[in-house]
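Structure incoming, see below.
The values are calculated or read from the model by the stated rules, or taken from the named source; none is laboratory data. None of the values given here were measured: they were computed from a predicted structure. Cβ coordinates were reconstructed from backbone atoms using ideal geometry, including for glycine residues, and neighbour counts include every protein chain displayed. For the accessible areas, the whole protein counts, side chains as well, though only heavy atoms, and no ligand, DNA or RNA atoms are used. Shrake-Rupley method; radii C 1.70, N 1.55, O 1.52, S 1.80 Å.
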Amino acid sequence: MQKAYYQRLAEMTPAERVAIGVALWNAGDSMQRAALRRLYPQADEDEILFRLAVTRYGSELASKAYGRQE
């Protein structure tokens, strides 16, 4: 199976491989946002974006970027 997987990847164009990467990023982003909405059900979109930044970049950088504390 692994050999077939790598063969298929080798047959793809760079654009196809990038498209798969983008789709995976979008799926992960959607799941992460949904998880944050479950954890913070009263949060507005700005709060969700801040919490997303905290999980991705750490609280220090997110606090600097958003001008607020966790």
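Of [x] 6.5; [y] 6.7; [z] 3.9, which is the value of mean projected area of the Cα convex hull in nm² derived from the coordinates here?
[y]
If you don't mind, there's one more thing I want to ask. Out of the total accessible area of the chain (probe 1.4 Å, heavy atoms of protein only), what percent is carbon and sulfur?
59
In debye, nearest 20: dipole of the chain around its Cα centre with unit charges on the Cβ of K, R (+) and D, E (-)?
260
Still on this structure, I have one more. Just to be sure I understand the model, the point goes 7 Å from the Cα along the line to the Cβ. What's the resulting Leu9 to Gln69 distance in nm?
The modelled label-to-label distance comes out at 4.5 nm.
Related question: Hey, if we sort Asp44, Asp29 by accessible area with the 1.4 Å probe, largest down, what's the order?
Largest to smallest exposure gives the sequence Asp44, Asp29.
Still on this structure, I have one more. All other residues with a Cβ under 15 Å from the Cβ of Val22 taken together, and with Lys, Arg as +1 and Asp, Glu as -1, what is their net charge?
-1
Is it possible to state the helix-based mean residue ellipticity at 222 nm for the chain, with each DSSP H run of 4+ residues giving -39500 (n - 2.57), the sum divided by total residues, to the nearest 500 deg cm²/dmol? What is it? Working shown, then result.
Values: 4 runs with 57 residues, N = 70.
After summing the helix terms and dividing by residue count, I get -26500 deg cm²/dmol.
For the chain, what is the relative contact order in percent, using Cα pairs closer than 8 Å and at least 6 residues apart in sequence?
Reported relative contact order: 15 percent.
Work from the charge dipole of the chain (Cβ charges, +1 for Lys and Arg, -1 for Asp and Glu, about the Cα centre) and give the residue of Asn26, Ser63, Ala53 farthest towards its positive end.
Of the listed residues, the answer is Asn26.
Could you check the spin-label model distance between Arg38 and Arg17? Points 7 Å from the Cα along Cα→Cβ, value in nm.
With each label placed 7 Å out from Cα toward Cβ, I get 3.4 nm.
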